[in-house]
Each structure stands twice: as C-alpha cells, then as structure tokens.
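*Asks:* Structure incoming, see below.
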Amino acid sequence: MSARSSRWPDLADVPALVLFVALLAIVFLQFFTRYVLNDSLGWTEEIARYLLIAVAYVGAVGALRKGEHLFLEVLFRRTRIENLKPLTLGTEVLGVAYHLVLGVLAIQLARVTDQRMVSVDAPKALVYFVVGAALIACTGFAIARARRRWRQSPEEILAELEASCSEEAAG
C-alpha cells in the first residue's frame, strides 16, 4: 500500500465523506444556535435528518465495495466446503437483486414525489434520488463481487473469509 493511499480516501469514498462533513457542520450549527444562542434554527433538524439518510446509503456503497458489510459468517464457516460456493453465490445474487429492486423503487418514488421539504423550499425527491443512486451503485459493486465469487474456488472463498476474520480480530 502506498503512503498516499493510506492518507487519502479512495475516490469512491469522497461523496460519503463530503456528506458526513456537511452533516457534521449542520449538527454543529444546530447545537450552537440551540444551546449557545438559545435561538434554534428550525431548518437544521430537517436537513440533518436527510443528510443522515444520505450518509447511510452513500456510506453503504463504500462498505459493499470493500466487502465490509455485515453478514452471518457462522453459516459460511459451518457449511461443508462443497456447499460453500453455491451458498456464497446464492447470497451474492440475493444481494444484487435486493439492491437493484430497492434502487429502482427509490428512483420510481423520486420521480412521482412532488412534496417539498417543510422548512426548506426543496423537493423531497432529491433525497430519494440520492438513495436510489446509492442503491444502484451498490448493485454495480454487488455484481462485480458476484462475478469475482463465480471465478473463485471454494478454497479461495474460505481463505478470503478466514483472512477477513483474522484482520477483524487483529484490528
């Protein structure tokens, strides 16, 4: 790993980082105006809520890309080696379908939503488009992950699982 890559985030992580910094600024502004100035800005709570939703979904893209999402590893560890690849491929295909269906539904919802935010004159559809785009990006990374699993042998899948478990235990 180069020195630059350890200090700087990957390009795919930048949107989540930008949204997180914006959320941090809005929450600080909300805290400052409410508790220091004793005169809360009403719009900060709504914007913070929508930014938190965006951070969660855009951050999920990075977690899926890196393979750091949650899963039940006990099922993978306890299965017989000849059943490991079908089980892994099945879960990857379910993940692709899950992200694709939710992404399409979020974009459809965004297209038909004409509500506005309460405290800011902006369409709520912006939030749904961000969620939909993040889920479609998750679909792309899930497809790439499924293709990689298709090319791996059961032994390679098990070795990768063991390596990720030992990294978690060490870190």
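*Asks:* Which Cα, out of Gly59, Thr113, Phe28, lies furthest along the positive dipole direction of the range 1-147 (beta carbon charges, K/R +1, D/E -1)?
*Replies:* Gly59
*Asks:* Then there's this: Using unit Cβ charges (K, R positive; D, E negative) and no other charged atoms, how large, in debye to the nearest 20, is the dipole of the chain about its Cα centre?
*Replies:* Working: 18 positive and 17 negative charges, 76 e Å.
It works out to roughly 360 debye.
*Asks:* Here is a further query. Report ³J(HN,Hα) in whole Hz for each residue of the range 34-51, in order, from the Karplus equation J = 6.51 cos²θ - 1.76 cosθ + 1.60 where θ = phi - 60°; Gly and Pro get x.
*Replies:* Once rounded to whole Hz, the list reads 6, 9, 9, 8, 6, 8, 5, 7, x, 6, 5, 5, 5, 5, 4, 4, 5, 5.
*Asks:* Report the accessible area of Arg147, computed with a 1.4 Å probe over the heavy atoms of all protein chains in place, in Å² rounded to the nearest 10.
*Replies:* Only protein atoms counted, so the area is about 150 Å².
*Asks:* Right, another one. Can you sort Arg145, Arg34 by 1.4 Å-probe accessible area, starting with the largest? Mind dumping the intermediate values first?
*Replies:* Details: Arg145 30, Arg34 85 Å².
Listed by decreasing accessible area, they come as Arg34, Arg145.
*Asks:* Place the peptides 50-62, 21-33, 111-123 in order of packing, highest mean first, counting for every residue the other Cβ atoms within 10 Å and averaging per peptide. Spell out each step's value before the answer.
*Replies:* On the way: 50-62: 19.6, 21-33: 14.8, 111-123: 11.5.
In descending order of packing, they fall as 50-62, 21-33, 111-123.
*Asks:* Related question: Rolling a 1.4 Å sphere over the protein heavy atoms, what is the accessible area per residue of the chain, to the nearest Å²?
*Replies:* That works out to 67 Å² for each residue.
*Asks:* Moving on to the next point. Helix 154-170: angle to the longest alpha-carbon principal axis of the chain, degrees 0 to 90, nearest 10?
*Replies:* The angle comes out near 50 degrees.
*Asks:* Sticking with this structure for a sec: What percent of all Cα-Cα pairs in the chain falls into each 10 Å bin, going from 0 up to the bin containing the maximum distance?
*Replies:* Using 10 Å bins, I get a P(r) of 9, 27, 29, 21, 11, 3, 0 for the chain.
*Asks:* What is the local net charge at Pro123, summed over the other residues whose Cβ is closer than 14 Å to its Cβ (Lys, Arg +1; Asp, Glu -1)?
*Replies:* 0
*Asks:* Return the equivalent ellipsoid semi-axes of the range 25-73 as a descending list in whole Å, where each equals the square root of 5 times an eigenvalue of the C-alpha gyration tensor.
*Replies:* Computed over the range 25-73, the values are 33, 10, 8 Å.
*Asks:* Kindly express, to the nearest 10 degrees and within the range 0 to 90, the angle between helix 125-151's C-alpha long axis and the longest C-alpha principal axis of the chain.
*Replies:* 10
*Asks:* How big is the range 45-111 in terms of Cα radius of gyration and Dmax, in angstroms?
*Replies:* 16.0, 52
*Asks:* Local charge sum around Ala16 (other residues, Cβ-Cβ under 15 Å, Lys/Arg +1, Asp/Glu -1)?
*Replies:* Value of the local net charge: -1.
The values are calculated or read from the model by the stated rules, or taken from the named source; none is laboratory data. Please read these numbers as outputs of a predicted model, since none were measured by experiment. Glycine also receives a Cβ, built like all others from the backbone with ideal geometry; neighbour counts cover every protein chain displayed. When the accessible area is computed, the model is the full protein with side chains, heavy atoms only, and any ligands, DNA or RNA have been set aside. Shrake-Rupley method; radii C 1.70, N 1.55, O 1.52, S 1.80 Å.
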